[in-house]
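The values are calculated or read from the model by the stated rules, or taken from the named source; none is laboratory data. What you see is a predicted model, and the numbers here were worked out from it, not measured in a lab. Because the Cβ atoms are built from the backbone with ideal geometry, glycine has one as well, and the counts that use them run over all protein chains shown. For accessibility, only protein heavy atoms count, side chains too; no ligands or nucleic acids. Shrake-Rupley method; radii C 1.70, N 1.55, O 1.52, S 1.80 Å.
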Amino acid sequence: MRYGHTHFIQLAEPGGTEDHDDHDRSWHRTERGDPGRFPRAGQRLRTVFRNTANPLQLLVLRKGGNSELGSIVSTEAFAILRSQAGIALGRQGEPLASPELVNVVNLPSVDNPKGMNVTVRGLSRTGIEMRKVRLTTGRWFRPGQREIVVGKAVAKRYPSARIGNRIRFGKGAWEIVGVMDGDQSALNSEIWGDFNQVSGDYNRQANPSSVLLQATDAPTLDALKHSIEGERRLGAQAITEADYYQSQTSSGAPLEFLGIFVAVIMAIGGGFAAMNTMYAAVSRRAKEIGTLRTLGFSQGSILLSFLTESVLLSLLAGILGCLLALPLNWVTTGIGNFASFSEIAFQFHTGTAVMFSGLTFAIVLGALGGFLPARAAARKEILSALRDE
């Protein structure tokens, strides 16, 4: 059995006759985004997955499955799922139910010439309609053809995945006819092709990996989920897209832990460095301290002056660090996803909230590192301070 294709989605005004390229450059869902930054790369990865999910969509996997790669949903199950009550209708009046096949292909990348795994997804036009995605170059693949569209991160990080090239997977070579932009989402790290063609290459025509469903509203989503899981004929489980992609962020946990660990070690080292610098400053300016005490300045004034100096030096260092981090906004990197055994690309982002946090942390370190030297300066005896060379 072959799943039928829906027609190209018409986004023109009523009566319009836009061609495929005009449709290809149209957005399907509302934009969302959230900032992150190294060493919080794990947070940035969570942002990428969160931007991928639609809160009204359910992903149906085989019971006990935790990823699309290891899941199988039968043809009979898809027919039952497609007829469930509460499924929204697309622009052509078709139920928004998309059978999809997920596999991986190994491609040499700019970081690893030996190759990295990239997710290949076979889907229909309904699947495209259900996602926030647009074409930046070229056109969409045609049904029944060995044509694929690659995410912008794939096109950037894999030299062989440029538009016009051919890559081999399944039973033959596939021509790259377009590059898609999924905003800051995991869709940028995928390769898309026609479901029937991709599944035929992997001998999975009757066994897609998963089925994506879109409910009409939030209350219907819960009812639809319970209905699917209560249907014994399906032998499937339904999970919201948000929960599914949240579970995929486990691959970012080691990187996040490493970033936090390095940051803590550097913070401790920075605190001792600030303390050492201020002790040296107190030693060099002993006579100045004695003179100030002779002129009537209190111990509290001396402590406050040295503590302020330490905080200002740390703040200056923090500003310099923020400036050095700004170029990371244009850096795209990737991390292996242990659930899908493929690479997920994400872009660093240095936002104002992160810079403010960094500057606050620098001020706290300056205060902690400068307090003991400042107290030592304030407690110096006047005569001993004046005699110090």
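Mind listing whichever residues of the stretch 132-146 are part of a loop (DSSP other than H, G, I, E, B), under 25 Å from the mean Cα position of the chain (by Cα) and among the charged types (D, E, K, R)? Break it down into steps so the answer makes sense when it comes.
First pass over the stretch 132-146, keeping only residues part of a loop (DSSP other than H, G, I, E, B): 132-133, 139-146.
Add one more test, that the residue is under 25 Å from the mean Cα position of the chain (by Cα), and what stays is 132-133, 140.
If the condition is that a residue be part of a loop (DSSP other than H, G, I, E, B), under 25 Å from the mean Cα position of the chain (by Cα) and among the charged types (D, E, K, R), then 132 is the only one that fits.
Here 61, 81, 69 are screened, and the one residue that is part of a strand (DSSP E or B) and not hydroxyl-bearing (Ser, Thr, Tyr) is 61. Name the single residue that is farthest from residue 88 (Cα to Cα) among those in the stretch 127-156 being open to solvent by 10 Å² or more (accessible area, probe 1.4 Å) and β-branched (Val, Ile, Thr). The residue in question is 137.
Residues of the stretch 285-304 being part of a helix (DSSP H, G or I), surrounded by fewer than 16 Cβ atoms within 10 Å (Cβ to Cβ) and out of contact with any Asp or Glu (no Cβ under 7 Å at 6 or more places or on another chain), which ones?
The initial filter retains those residues of the stretch 285-304 that are part of a helix (DSSP H, G or I), namely 286-294, 299-304.
This time we only want the ones that are surrounded by fewer than 16 Cβ atoms within 10 Å (Cβ to Cβ), so: 287-288, 291, 294, 299-301, 304.
Once the filter is applied, which keeps residues that are part of a helix (DSSP H, G or I), surrounded by fewer than 16 Cβ atoms within 10 Å (Cβ to Cβ) and out of contact with any Asp or Glu (no Cβ under 7 Å at 6 or more places or on another chain), the stretch 285-304 yields 288, 291, 294, 299, 300, 301, 304.
When residue 243 is tested against (1) modelled with pLDDT under 85; (2) crowded, with 18+ Cβ neighbours inside 10 Å, just one condition goes unmet, and that condition is (2). Against the list (1) touching a Gly at 6+ places or on another chain (Cβ under 9 Å); (2) within 22 Å of residue 371 (Cα to Cα), the condition residue 284 fails is (1). Whether a residue is among the hydrophobic types (A, V, I, L, M, F, W, C), over 22 Å from the mean Cα position of the chain (by Cα) and open to solvent by 20 Å² or more (accessible area, probe 1.4 Å) was assessed, and residue 89 passes this test. Residues in the stretch 164-216 that are of a type in the set (Ser, Thr, Tyr), within 18 Å of residue 97 (Cα to Cα) and touching a strand residue (DSSP E or B) at 6+ places or on another chain (Cβ under 7 Å): 199, 209, 210. Residue 124 meets all of the listed conditions (1) of a type in the set (Ser, Thr, Tyr); (2) open to solvent by 40 Å² or more (accessible area, probe 1.4 Å); (3) within 30 Å of residue 218 (Cα to Cα) but one, namely (2).
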